[in-house]
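Below is one structure; the comments refer to it alone.
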Amino acid sequence: MTTLSSTGHPALAGLLPELEVVRKDFPILERTLANGQALVYLDSANTSQKPQVVIDAMVDHLEHHNANIARAMHQLGAESTEAFEGARDKVAAFLGAPSRDEVIFTKNATEALNLVASTLAWKGPRQVGEGDEIVITEMEHHSNIVPWQLLTERTGATLRWFGLTEGGQLDLSDVDTLITERTKVVSFTWVSNMLGTINPVAAITRRAHEVGAIVVVDASQAAPQLPIDLAAMAPEERPDVVVFTGHKVVGPTGIGVLWGRAGLLAELPPFLGGGEMIETVRMERSTYAPIPHKFEAGTPPIVEAVGLGAAVDYLRHLGLDAVRDHEHAITAYALDGLATVPGLRVLGPLDATERGGAISFEVDGVHPHDIAQVLDSRGVAVRAGHHCAKPAHARFGVQSTTRMSSYLYTTPAEIDALVEALEYTRSYFKLD
Amino acid sequence: MSELDALYQEIILDHYKNPHHAGLRDPFEAEVHHVNPTCGDEVTLRVHVADGHVEDVSYDAVGCSISQASASVMADLVIGKPVDEAMAIHENFLTLMQGKGQVEPDEDVLEDGIAFAGVAKFPARVKCALLSWIAWKDATAQSLEAQS
């Protein structure tokens, strides 16, 4: 913190180079709110903002290439198919996927998790039944809890979970009693959307693979901010399934990704039946297309896939290492700033190296909704509530929290604005 | 007055800091538990009805200033009233909350409840203000059923 940037703010080590130029890629960041307030967008763990290249790619597709894919015998159909499959290649490169056919497009991460949890209930070599166990964690988003509850209710299997330490880490002390020969699936988040915790994917995966369990990783919060290279992982430490959603990686809503190991995807029965996912259909029965189309029934979100392809290319152009360093620098700066607010308690790791860019906190004497409301009146957009992680909140004895979440376009000045707005909130509710 | 000040009227903040009729009491004919699934606000609420009157409303609520103050004002307004009149006050408050800021509140009917007029301009907060009222209506209907 020795030099001054062009904005007059002390430059932090690790920020994205030319941050002001990067911000210009995101048109929404230029807008003002009621009463001419500048927008301070700190809700990127909820959804990220979109760069112009993503918007343009989607508009260009709709204006010039729109047609259904893989079934239209005309030039537009060929162009649209090429754009859709091109997006699959881009996502495969983004994940370092061993094979591009292992990339399945879904509606979102929730649908991807439901795809796995549902098909495991059905007849097949991986079918889960009574006596089997599914292991999750107490820090999961509801979308990585409820599908597994449904699976265990449908099959008579048992749901078990890792608890959390006071510091917001997974409590791995009972790993050997939780992950046993009865374990069929271990599903957990790479980065917590509430606590920010980064979990040890390689270590848990290795242990789960030793007992023959499938490992499912929710990368909804990891994909935006951590470099992922599946092919570079040791096979025993590589999860079997990794899911994420498009709209948190500067892409559009309506599209998510399921990467799955080809061998596993071949063993799972189809999820939804319909067009595109078949090889041939007779009235008695049908046979199914190979992956990825086996799991893509019906007309897929084509324009959304094109947008997602542009989004992951944008992130790769910036460099995920650089994005991670930026998030780390901003998170460390935010933790320092929040620590100056009287009565404020952060839930989750206090060391920026152990966490992602979502920081949930409480302020004594003010309810999170009231904090978010006053912050909004100052142009600062955060989330308040349980962040779809009620069990994690219950673990820490809180009903709801306020959450700030930064991203690659967040500046230190925006963190300053948050801290000032929190001070203002305290004075507004006469807490001084 | 700024929109924020219109939302957080002094009356609301006073009720938030010193809620009236809070806590769960006996006797009661019905107890309900209502939640706002989007934000997690919760209220457990009991109603005691006798001789066609709302004899008592007691509650245990967790939530924001708007939801807490609303429970306090609601209890003030309905306790001691004939059930029909209390239901009419409920309707009046509902109309105010759903009026998008266009409905003029009737102070004779709503008393401190008029302070919530500003909430109607914040769609995300209307549910906070209505949580305990809807719980009360539910519990009162159950109380009447239990007695019939």
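Judged by the ratio a/c of the largest to the smallest principal axis of the C-alpha gyration tensor, region A:1-152 counts as oblate, that ratio being 1.5 or greater while a/b is no larger than b/c. Rounded to the nearest 500, the 222 nm mean residue ellipticity of chain A from helices alone is -10500 deg cm²/dmol, with -39,500 (n - 2.57) taken per DSSP H run of at least 4 residues. Taken over the alpha carbons of region A:142-266 as equal point scatterers, the Debye sum produces base-10 log I(q)/I(0) values at 0.11, 0.18, 0.19, 0.23 Å⁻¹ of -0.39, -1.09, -1.22, -1.66. In region A:120-238, the DSSP beta bridges split such that about 15 percent are antiparallel, to the nearest 5.
Database remark: amide H of A:ALA11 closer than 5 angstrom to the amide H of A:THR2, A:THR3, A:LEU4, A:SER5 (H placed geometrically; neighbours at sequence offset of 5 or more, or on other chains; Pro and chain starts carry no H). Tell me, rounded to the nearest percent, the portion of alpha carbon pairs in the protein assembly as shown spaced more than 38 Å apart. Percentage above 38 Å: 40. Helical content of chain B, expressed as a calculated mean residue ellipticity at 222 nm, amounts to -15000 deg cm²/dmol (DSSP H runs of 4 or more residues, -39,500 (n - 2.57) each, divided by residue number, nearest 500).
Restricting things to alpha carbons, find the Rg to Rh ratio for region B:105-148 using the Kirkwood radius for Rh. Working shown, then result.
Numbers: Rg = 13.5 Å, Rh = 12.1 Å.
For region B:105-148, the value is 1.12.
Taking every alpha-carbon pair under 8 Å whose residues sit at least 6 apart, region B:1-119 reaches a relative contact order of 26 percent.
Interface between chains B and A: roughly 1500 Å² of accessible area buried, both sides summed (probe 1.4 Å, protein heavy atoms only).
Couplings 3J(HN,Hα) for region A:15-29, derived from phi with the Karplus relation 6.51 cos²θ - 1.76 cosθ + 1.60 (θ = phi - 60°), are 5, 4, x, 6, 4, 5, 6, 4, 4, 5, 5, 10, x, 5, 5 Hz, where x marks Gly and Pro.
Shown in residue order for region A:319-336 are the 3J(HN,Hα) couplings computed by the Karplus curve 6.51 cos²θ - 1.76 cosθ + 1.60 at θ = phi - 60°: x, 5, 5, 5, 5, 4, 5, 5, 4, 4, 5, 5, 5, 4, 5, 5, 4, 5 Hz (x for Gly and Pro). Relative contact order for chain A: what percent, with Cα pairs under 8 Å and sequence separation of 6 or more? Reported relative contact order: 22 percent.
Normalised Debye scattering of region A:206-272 at q = 0.15, 0.16, 0.26 Å⁻¹ gives log10 I(q)/I(0) of -0.55, -0.62, -1.22, counting only Cα atoms as equal scatterers and leaving out solvent. Listed values for region A:120-137 are Karplus-derived 3J(HN,Hα) couplings in whole Hz (6.51 cos²θ - 1.76 cosθ + 1.60, θ = phi - 60°), namely 6, 7, 9, 4, x, x, 9, 4, 8, x, 4, x, 7, 10, 10, 10, 10, 9, and x replaces Gly and Pro.
Mean partner shielding of peptide B:59-72, defined as the number of other chain Cβ atoms within 10 Å of each residue Cβ, is 2.
Computed with a 1.4 Å probe over protein heavy atoms only, the accessible area of A:SER173 comes to about 100 Å².
Size descriptors for region A:212-326: radius of gyration and Dmax over Cα atoms are 16.3, 57 Å.
Distances between placed amide hydrogens fall under 5 Å for A:ARG160 paired with A:ILE134, A:VAL135, A:ILE136, all partners being 5 or more residues away or on another chain.
Dimensions of region A:151-203 from C-alpha coordinates, computed as largest minus smallest value along each principal axis and given longest first, are 33, 22, 21 Å.
Going down the list A:LYS123/A:LYS390; A:LYS24/A:LYS248; A:LYS107/B:LYS121; A:LYS50/A:LYS107; A:LYS123/A:LYS184; A:LYS390/B:LYS137, which pairs span over 24 Å between their C-alpha atoms?
On the way: A:LYS123/A:LYS390 32 Å; A:LYS24/A:LYS248 19 Å; A:LYS107/B:LYS121 33 Å; A:LYS50/A:LYS107 18 Å; A:LYS123/A:LYS184 15 Å; A:LYS390/B:LYS137 27 Å.
With Cα atoms farther than 24 Å apart: A:LYS123/A:LYS390; A:LYS107/B:LYS121; A:LYS390/B:LYS137.
Using the Cα atoms as the points, what is the convex hull volume per residue of chain B in Å³? Before the final figure, lay out each step's value.
Details: hull volume 14.1 nm³, N = 148.
For chain B, the hull spanned by Cα atoms encloses 95 Å³ per residue.
Relative to the longest principal axis of the Cα atoms of chain A, the long axis of helix A:201-210 lies at roughly 30 degrees.
In this structure, B:VAL35 and B:LEU144 have a Cβ-Cβ separation that, at R0 = 30 Å, corresponds to a calculated FRET efficiency of about 0.80. Extents of region A:353-432, largest first, come to 33, 31, 19 Å (Cα atoms, principal axes, whole angstrom). Note that region A:165-234 shows a convex hull volume over its alpha carbon atoms of 92 Å³ per residue. Sort region A:101-195 into rounded, prolate or oblate with this rule: let a ≥ b ≥ c be the square roots of the eigenvalues of the Cα gyration tensor; rounded if a/c is under 1.5, and if a/c is not under 1.5, prolate when a/b is larger than b/c, oblate otherwise. Verdict is oblate for region A:101-195.
Would you mind calculating the gained length between A:LEU431 and A:VAL146 on full extension (0.36 nm times residue separation, minus the Cα-Cα distance), in nm to one decimal? Mind showing how you got there, number by number?
Details: separation 285, 0.36 × 285 = 102.60 nm, distance 3.90 nm.
Taking 0.36 nm per residue and subtracting the Cα distance, the gain is 98.7 nm.
To the nearest 10 degrees, how steep is helix A:75-95 against the longest Cα principal axis of chain A, on a 0 to 90 scale? Taking the Cα atoms of chain A, the angle to A:75-95 is about 60 degrees.
Considering every alpha-carbon pair of region A:265-327, the percent of pairs per 5 Å bin, from zero through the bin containing the longest distance, is 4, 15, 17, 13, 12, 11, 10, 9, 4, 2, 1, 0.
Net charge within 10 Å of A:ALA34 by Cβ-Cβ distance, Lys/Arg positive one each and Asp/Glu negative one each, not counting A:ALA34 itself? Its environment carries a net charge of -2.
Given a 1.4 angstrom probe, I'd like the percentage of the accessible area of the protein assembly as shown that is carbon and sulfur, rounded to a whole number. Each step should come with its number before you reach the end.
Details: 12330 of 23560 Å².
So the carbon and sulfur contribution to the accessible surface is 52 percent.
Is region A:122-164 rounded, prolate or oblate when judged by the Cα gyration tensor, a ≥ b ≥ c being the square roots of its eigenvalues, rounded requiring a/c under 1.5 and prolate requiring a/b larger than b/c?
prolate
Distances between placed amide hydrogens fall under 5 Å for B:CYS64 paired with no residue 5 or more residues away or on another chain. Here region A:296-432 is described by how far its Cα atoms reach on the three principal axes: 55, 33, 30 Å, from widest to narrowest.
Output the 0 to 90 degree angle, nearest 10, between the alpha-carbon long axis of helix A:109-119 and the longest principal axis computed from the alpha carbons of chain A. With both axes taken from Cα atoms, the answer is about 30 degrees.
The values are calculated or read from the model by the stated rules, or taken from the named source; none is laboratory data. This structure is a prediction, so every number in the text was calculated from the model and none was measured. Note: ideal-geometry Cβ built from the backbone for every residue, glycine included; neighbour counts use all protein chains shown. Side chains are part of the model used for accessible areas, which takes the heavy atoms of the whole protein and leaves out ligands, DNA and RNA. Shrake-Rupley method; radii C 1.70, N 1.55, O 1.52, S 1.80 Å.
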